[in-house]
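Working notes for the structure below.
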Amino acid sequence: MSALGLAMVEAVPSAALRPYVTRLTAYRERHGAPVTRAEPAMPGAVLILAFGTPMEVDGQRLTAFAGGLGDRFTVTRTAGPTEGVQVFLTPFGARRLHGLPMRHLTNRVLPAGELLGSWAETLVERLAATPSWRERLALADRLLLARLRQGPEVGPEVPWAWARLLESGGRVRAPELAAALGWSHRHLVARFQDQVGLPPKTAARVIRFGRAARLLRSGAAPALVAAECGFYDQAHLNREFRALGGVTPGQISPRPRGGRAAS
């Protein structure tokens, strides 16, 4: 491995895997000096099936690891060469894969072996022995699907409510979801914490942040993004970006072209 930087290849999950996995990415990373990042909160869970130099994640040194949903950003530090496969899971994919209430993973990252036992260790070994990135992604797809099929079923109600939150950009209120399902607000919160890891109001907040970040990257002005995504004002937008992303909206917005660089 000679070239410096981050290289990635992404694959669309197979049709049977898509209800549980949104993205599969093979990657290789090597830098001339340690790289520290603020990983933003996102409406999904992550599974890193890596080998090489451990990564520092919120103060822990980890190689293969998994995390649940959260309402804050996560600081990572890459200090040496590493590679593997990164899996982005829906909350319900993570619930089924790990087989435990997602509230136990809220704002937490744990070694993959601690959560998934020898299955994770064997998968990482097989990925490391597979030189082709496309073959690594296909292998991860097959073995993830087999594992997920053995996991506990989740009912349709919370996935339905989650889909409504995603479609609205986090603007549907929890009482509306509870009323549509014929549930009490307390029951809705309990089911969300089991299957998602966050209560509906917090989940909506993370979804709203993600939508705002996408609009900013497309070039929309922060003031317009604040109004479009349901923030009280631009100051509210700024506070949420610092809390959930560790950045300001200005650090995400594309730089104007054609202007002279500031000194």
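Listed values, structure above:
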read-out	value
Low-density loop cleavage sites - chymotrypsin sites (Phe, Trp or Tyr not before Pro) in segment 1-85, where at most 14 other Cβ are within 10 Å (DSSP)	none
Gaussian network model of the chain, springs between alpha carbon atoms under 10 Å - residue of R77, R208, R149 with greatest fluctuation	R149
Length released on extending from E10 to A138, taking residue separation times 0.36 nm less the Cα-Cα span	45.0 nm
Sequence of T36, T25, T202 when ordered by accessible area, the most exposed leading, probe 1.4 angstrom	T36, T202, T25
Equivalent ellipsoid semi-axes - Cα gyration tensor, segment 134-263, angstrom	33, 24, 11
With every protein chain in place, segment 60-211: carbon and sulfur % of accessible area (1.4 Å)	50
Where segment 46-175 is the region considered: accessible area per residue in Å², 1.4 Å probe	44
At q = 0.16 Å⁻¹, base-10 log of I(q)/I(0) for the chain (Debye sum, equal scatterers on each alpha carbon)	-1.30
P(r), alpha carbons of segment 65-176 - 5 Å bins starting at zero, rounded %	2, 9, 17, 20, 19, 16, 10, 5, 2, 1, 0
Selected from S132, A16, A163, residue furthest toward positive end of dipole (the chain; charges at beta carbon)	A163
Estimated [θ] at 222 nm from DSSP helical runs (n ≥ 4, -39500 (n - 2.57)) normalised by residues in the chain, nearest 500	-13000 deg cm²/dmol
At most 10 other Cβ within 10 Å, DSSP loop - GluC sites (Glu not before Pro), segment 81-190	E153
Cα-projected label distance for H187 with A128, points at 7 Å along beta-carbon direction, nm	4.9
Sum of side-chain charges, R103 neighbourhood, beta-carbon under 12 Å (Lys, Arg +1; Asp, Glu -1)	+2
Heavy-atom SASA rank of S14, S184 (probe 1.4 Å, accessible area, largest first)	S184, S14
Dipole magnitude of the chain about its Cα centre (Cβ charges: Lys, Arg +1; Asp, Glu -1), debye to nearest 20	500
H31, H98, reordered so the largest accessible area comes first (probe 1.4 Å)	H31, H98
Kyte-Doolittle mean at least -0.5, axial Cα span of 18 Å or more - DSSP H helices of the chain	133-149, 200-217
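The values are calculated or read from the model by the stated rules, or taken from the named source; none is laboratory data. These figures come from a predicted structure and were not determined experimentally. Using ideal geometry, Cβ is built from the backbone for each residue, glycine included, and neighbour counts are taken over all protein chains shown. We work out accessible area using only protein heavy atoms, side chains counted, and drop any ligands, DNA or RNA first. Shrake-Rupley method; radii C 1.70, N 1.55, O 1.52, S 1.80 Å.
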